[in-house]
1. Where does helix 23-52 land angle-wise versus the long Cα axis of the chain, in degrees 0 to 90, nearest 10?
2. If neighbour count is taken as other Cβ atoms inside 10 Å, put 32, 15, 86 in order from fewest to most.
3. For Kirkwood radius over Cα pairs in Å, the listed values are [x] 13.7; [y] 16.2; [z] 13.2; which was obtained by calculation from the structure presented?
């Protein structure tokens, strides 16, 4: 079974089908849920930083625009970049 580029073994598929009605539907909803949780954490982390930055004159109410503003900043680092700073 192929789930958005991830091929499940027969055993993995059987294990999931033991508990799930529709594996693809579960996968799709799990991905949407993860994206929503990450988005909420990102907004919760960056809103106070933007509010405290005297150079920021306005903060978008639209979540997509808010995230675009954050990732365009010089001080923004994604997870890989943050982890690289901590690792030797």
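Any read-out appearing in this document is the output of simple, stated calculations on the displayed coordinates, not a laboratory observation. What you see is a predicted model, and the numbers here were worked out from it, not measured in a lab. Because the Cβ atoms are built from the backbone with ideal geometry, glycine has one as well, and the counts that use them run over all protein chains shown.
1. 10 degrees
2. Numbers: 32 10, 15 13, 86 6.
Ordered by Cβ neighbours within 10 Å, fewest first: 86, 32, 15.
3. Identified label for the calculated read-out: [y].
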